[in-house]
Amino acid sequence: MVVFVILHYKNLNDTLECILSIKKNAGDGYEIVVVDNGTLSDESYQTLLKETKHVIRNQDNLGFAVGNNIGCQYAIKNFHPDFLVVLNNDIVLLESNFIFEIQQCYLKTKFDFMGPRILTNGGDSVNPFPAYETLEQVRGAIQKSERLLKIYQNVFLSFLLSCYLKVKHFIKKPVHLKNGSDSCYDVA
């Protein structure tokens, strides 16, 4: 069984389009859980209940991570799924027989985590995130993120960093990551 967890925020039409794409492309053996981050009116809530009976309403916007965690915990507790598919409400599945494709990929690779190829409406790939090949690269990225978090928590250091980045942009052209379209396996 596959459970789709959709984080809903404000745009009901996007969420309904996402649900429709799941129903059209998922195949059999799935449930849909929608987590609203404090934006649904009673009327919108009733509209969503017509599409899926699993709608969780948070009173407040709890953020991306907490909202998704609430949906995943609900899915695991109530359905014990083989796979969780976590989606923003503005995602549309294009792959027909989506669940079958996940199952086939799992049989081949035994993945722990799988990310999608993300396309714009124009069909361009927007997968800019690098795949780390070693644990050292992962540790380096974590350390860099920790340093940045400390900087952003300090108003003065945050201001200095923004000034530095503006100056750096004029001196050195930014390097853009190559959009990925290749599958990566056994990455850290």
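The values are calculated or read from the model by the stated rules, or taken from the named source; none is laboratory data. Keep in mind that this is a model prediction, so the values were computed, not measured. Note: ideal-geometry Cβ built from the backbone for every residue, glycine included; neighbour counts use all protein chains shown. Quick note on the areas: whole protein, heavy atoms, side chains included, nothing else; ligands and nucleic acids left out. Shrake-Rupley method; radii C 1.70, N 1.55, O 1.52, S 1.80 Å.
If we scan the range 14-27, do we find a residue that is open to solvent by less than 20 Å² (accessible area, probe 1.4 Å), under 20 Å from residue 119 (Cβ atoms) and more than 17 Å from the chain's Cα centre (by Cα)? The answer is yes; a qualifying residue exists. Residues that are surrounded by fewer than 15 Cβ atoms within 10 Å (Cβ to Cβ) and either assigned to a loop (DSSP other than H, G, I, E, B) or of a type outside the set (S, T, N, Q) (or both) do not occur anywhere in the range 67-75. Scanning the range 38-66 for residues that are more than 26 Å from residue 99 (Cβ to Cβ) and assigned to a strand (DSSP E or B) turns up 57, 58. Every condition in (1) under 15 Å from residue 2 (Cα atoms); (2) touching a Leu at 6+ places or on another chain (Cβ under 8 Å); (3) not small (Gly, Ala, Ser) holds for residue 78 except the one numbered (2).
Show the residue pairs that are 6+ apart or on different chains and have beta-carbon atoms under 9 Å apart, the first residue being within the range 68-87 and more than 19 Å from residue 103 (Cα to Cα), the second being open to solvent by less than 90 Å² (accessible area, probe 1.4 Å) and charged (D, E, K, R). From the range 68-87, the pairs are 78/31.
Scanning the range 76-90 for residues that are open to solvent by 60 Å² or more (accessible area, probe 1.4 Å) and in a loop (DSSP other than H, G, I, E, B) yields 80, 82, 90.
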